[in-house]
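As structure tokens, the structure follows; a few thoughts come after it.
The values are calculated or read from the model by the stated rules, or taken from the named source; none is laboratory data. Just so we're clear, the structure is a prediction, and the values are computed from it rather than from any experiment. Cβ: placed from backbone, ideal geometry, glycine included. Neighbour counts: every protein chain shown. Only protein heavy atoms, including side chains, enter the accessible area calculation; ligands, DNA and RNA are left aside. Shrake-Rupley method; radii C 1.70, N 1.55, O 1.52, S 1.80 Å.
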Amino acid sequence: MLFSSRAASLAATFIALTTLAGFTASSKALGADRDATLIPAIATTATTSAINPSVPKPVPSIEPGDSTTTSPNEVRTTAPAPAQGLQFASLAAAVAGQDVDEGADSELSCLAGAVYFEAKGEPLSGQLAVANVIINRANSGRFPSTICGVVKQPGQFSFVRGGTIPAIRSAAQYRTAMAIAQVAMDKEWDNPTPGALYFHARRVSPGWGRPRVATIGNHVFFR
């Protein structure tokens with residue numbers, strides 16, 4: 001009887017343990033199934049966020065005052081810089097920006113007089129071209145070495161009378177001519193006819209066999 005009672009007790013204990021083990025395994029299996037169900041959902045959410053165009057993307061910012069920490073891969077867009085050596089946006093601005101002095105030196109006065117009499121009705125670029133022809137001659141070694149010497153050289157400019165420049169009649173046009181002369185002498189605007197030493201009006205055809213540089217307004221310029 002004692003053996004039978006102990007056997008029955010052991011059998012009951014074994015059955016209880018087996019039942020408990022089965023319940024634990026089932027619980028784990030159910031937890032695994034639940035996790036497996038959640039994983040695709042999480043992955044789907046992450047994928048949707050990555051391709052969804054409505055999700056804002058971070059935009060890198062550049063500090064306005066930062067100009068010394070540009071990385072090799074960084075691209076900056078800035079306004080175009082002006083041409084080197086030029087401080088005006090246009091020739092008209094350069095002319096308007098001149099402080100015209102009525103008591104100018106003789107070289108500036110001779111150049112302004114030549115611009116006035118030869119090109120006062122021309123566009124500003126044409127007036128500047130005439131001024132640069134005279135300056136080019138003075139620097140060439142083939143003409144007098146001063147601006148006044150070039151302007152007053154016999155047989156070169158028809159407005160010169162007896163080696164003198166006539167009186168000025170239009171103060172406004174002469175003021176422009178003076179400003180053009182200053183721009184040319186100070187090289188405050190690019191020469192529109194580089195290297196030109198000669199020019200004539202378009203209405204005449206002297207038949208020069210010289211290389212033509214440009215035609216501006218009513219004048220043709222040559223080297």
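Just a few scattered comments:
- Summed residue charge, Cβ within 12 Å of Phe157's Cβ, Lys/Arg positive, Asp/Glu negative: +2
- Net charge of Cβ neighbours under 15 Å - reference Ser90; Lys, Arg +1; Asp, Glu -1: -2
- Whole-Hz couplings from phi, Karplus 6.51/-1.76/1.60, listed for region 156-170; x for Gly and Pro: 9, 10, 5, 6, 6, 10, x, x, 10, 8, x, 5, 8, 9, 10
- With all protein chains in place and a 1.4 Å probe, the accessible surface of region 100-199 carries 48 percent carbon and sulfur.
- Ranked order, Val100, Val130 - accessible area, probe 1.4 Å, largest first: Val100, Val130
- Here the average projected area of the convex hull drawn through the C-alpha atoms of region 83-166 stands at 6.5 nm².
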